[in-house]
Amino acid sequence: MVPHRFPGTPEDLEAEARLRRLRPDHIVRACVKGLEPTASVLEVGVGSGVLLAEFARRGHHVGGVDIRADMIEASRRRLPNAELAVAPANALPFRRQRFDLVLFGLVFHELEDRRSALLEARRVARRRVAVLEWPYESGEFGPPLDHRLPPETVLAEFAGAGLSPVMSERVGELVLYFSEVAPS
């Protein structure tokens, strides 16, 4: 599989029309449902930090990684107290069970090795691993269909990483897949 990298800038992720459609408040609410009000959150593929800022606004301790230094710089401007690092999804620079929630924010379809990324997320997650993705359907918003993942592919990757059962729910124009991490 050839990964499809986001070609835009941090500013592209912050466009007002994009944020109106994504509704970060709804995404965050769905992600933390059932977790403590002060749960710690790591976003993999943090981009410019728009989604992570909503978690922080709600009182969560936040961290983020991205493979692009320009994205981490943009996130750092928005969230100067967040734990941020330039790092790939399959080599997270955090200790075991560091975060209550590890979220892949609209980046899972871009990963070359999704299974190893989920295994790494499982390592640093204490409670939940979640993937926010585009639905597998053509649309005027988001990447083209050939960049999106069929639900069965996402579910197979979760299962291969020992994360099951997987729940999913539609959150506006997106799909949230998540699995609780078994205590170890």
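The values are calculated or read from the model by the stated rules, or taken from the named source; none is laboratory data. A quick note: this is a predicted structure, and the numbers were derived from the prediction, not measured. As a convention, Cβ positions derive from the backbone with ideal geometry for all residues, glycine included, and neighbour counts pool all protein chains shown.
So here's what we get for this one:
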{"quantity": "Inter-residue pairs, beta-carbon under 6 Å, first assigned to a loop (DSSP other than H, G, I, E, B) and in segment 53-64, second surrounded by fewer than 24 Cβ atoms within 10 Å (Cβ to Cβ), 6+ apart", "calculated": "Gly59/Thr38; His60/Ala39; His61/Ser40"}
{"quantity": "Test set (1) farther than 22 Å from Ser48 by Cβ; (2) at pLDDT below 95 - Ala159 fails condition number", "calculated": "(2)"}
{"quantity": "Residues that are at pLDDT below 95 and of a type in the set (Val, Ile, Thr), drawn from segment 47-66", "calculated": "Val50"}
{"quantity": "Positions within segment 32-50 being farther than 23 Å from Asp113 by Cβ, without any contact (Cβ under 8 Å) to a residue 60 or more places away in the chain and surrounded by 17 or more Cβ atoms within 10 Å (Cβ to Cβ), in sequence order", "calculated": "Ser48, Gly49, Val50"}
{"quantity": "Counted residues, segment 84-115 - those being modelled with pLDDT of 95 or more, within 19 Å of His60 (Cα to Cα) and either under 15 Å from the mean Cα position of the chain (by Cα) or surrounded by 22 or more Cβ atoms within 10 Å (Cβ to Cβ) (or both)", "calculated": "8"}
